[in-house]
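J.: Starting off with a structure, shown below.
The values are calculated or read from the model by the stated rules, or taken from the named source; none is laboratory data. Note that the coordinates shown come from a computational prediction; the quantities given were computed from them, not determined experimentally. Virtual Cβ from ideal backbone geometry, glycine too; neighbours counted across all protein chains shown.
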Amino acid sequence: MTNKNELMTIVGQMADTLAQATERLSSVAQDSDSLARISQQLLAQSQTSNEDAKKTDEVLAFIRHVAGQTNLLGLNASIESARAGEMGRGFAVVASEIRKLSLDTISSAEKIQDILSNIRQTTDSISSTVREIHTIGQRQVTSAAGIEASMREIEAMSRQLSTFVSRL
């Protein structure tokens with residue numbers, strides 16, 4: 001009778017341990033599912049960032065265009081002030097400053113373009129990493145579900161074994 005009782009105790013403990021492990025695994029599966037969902041949101045946000053950066057490219061192109069036109073206007077103003085001779089000397093200073101401002105604007109627009117390009121590269125890298133995390137998370141969810149199902153089967157078998165042993 002002692003062996004039977006010991007066997008019953010062991011089988012009961014095994015079933016309890018399996019039930020606890022199954023619950024823990026269920027929690028891991030839920031966390032993996034949450035991570036996959038969050039990574040999908042991050043991916044969408046990084047794509048939105050890239051789209052916004054592309055829109056700023058258009059704005060910067062317009063700024064460079066306006067600065068280029070302003071530079072030409074400054075050049076034309078310099079030419080006209082030179083034609084005016086002594087009377088155009090004051091306007092020549094203004095024309096020179098206009099050209100300088102337009103060149104500074106073009107330079108600043110190029111720096112902004114470089115910064116945005118770096119941001120875009122970083123965002124692309126983040127997106128790639130997030131896609132990889134999402135894929136791994138999906139695999140974890142699938143694996144955890146399979147393991148959880150197997151553990152529930154083992155738990156059911158251990159309960160059947162316990163019932164069988166109790167009938168001996």
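J.: Taking the conditions exactly as written (at pLDDT below 90, surrounded by fewer than 14 Cβ atoms within 10 Å (Cβ to Cβ), on the phi > 0 side of the Ramachandran plot and not hydrophobic (A, V, I, L, M, F, W, C)), does residue 90 satisfy them or not?
T.: On the way: at pLDDT below 90: yes; surrounded by fewer than 14 Cβ atoms within 10 Å (Cβ to Cβ): yes; on the phi > 0 side of the Ramachandran plot: no; not hydrophobic (A, V, I, L, M, F, W, C): yes.
In short, no.
J.: Under 27 Å from residue 6 (Cβ atoms), modelled with pLDDT of 85 or more and part of a helix (DSSP H, G or I) - does that describe any residue in region 135-147? Reasoning before the result, please.
T.: Within region 135-147, the first condition is being under 27 Å from residue 6 (Cβ atoms), and the residues that meet it are none.
Scanning region 135-147 turns up no residue that is under 27 Å from residue 6 (Cβ atoms), modelled with pLDDT of 85 or more and part of a helix (DSSP H, G or I).
J.: Within 30 Å of residue 15 (Cα to Cα) and exposed (fewer than 12 other Cβ atoms within 10 Å of the Cβ), is that true of residue 152?
T.: Details: within 30 Å of residue 15 (Cα to Cα): yes; exposed (fewer than 12 other Cβ atoms within 10 Å of the Cβ): no.
Taking the combined requirement at face value, the residue does not satisfy it.
J.: Every residue in region 1-11 that is in contact (Cβ under 8 Å) with a residue 60 or more places away in the chain and loosely packed, with under 15 Cβ neighbours inside 10 Å, please.
T.: Taking region 1-11 first, the residues in contact (Cβ under 8 Å) with a residue 60 or more places away in the chain are 4, 7-8, 11.
Once the filter is applied, which keeps residues that are in contact (Cβ under 8 Å) with a residue 60 or more places away in the chain and loosely packed, with under 15 Cβ neighbours inside 10 Å, region 1-11 yields only 4.
J.: Out of all the residues in region 111-168, which are farther than 30 Å from residue 18 by Cα and without any contact (Cβ under 8 Å) to a residue 24 or more places away in the chain? It would help to see each step written out before you state the result.
T.: Taking region 111-168 and keeping what is farther than 30 Å from residue 18 by Cα, we get 111-132.
Once the filter is applied, which keeps residues that are farther than 30 Å from residue 18 by Cα and without any contact (Cβ under 8 Å) to a residue 24 or more places away in the chain, region 111-168 yields 111, 114, 115, 117, 118, 121, 122, 125, 128, 129, 132.
J.: Report every pair of residues separated by at least 6 positions or lying on different chains whose Cβ atoms are under 7 Å apart, first residue within region 22-40 and closer than 20 Å to residue 126 by Cα, second surrounded by 16 or more Cβ atoms within 10 Å (Cβ to Cβ) and among the small types (Gly, Ala, Ser).
T.: 32/137; 32/144; 35/137; 36/137; 39/137
J.: Follow-up. So which residues in region 148-165 are polar (S, T, N, Q) and closer than 18 Å to residue 5 by Cβ, if there are any at all?
T.: Pass one, region 148-165, residues polar (S, T, N, Q): 150, 158, 160, 162-163.
Across region 148-165, the qualifying residues are 158, 162, 163.
J.: Please pick out the residue among 40, 45, 69, 13 that is modelled with pLDDT of 85 or more and in contact with a His (Cβ under 7 Å, 6 or more places away or on another chain).
T.: 40
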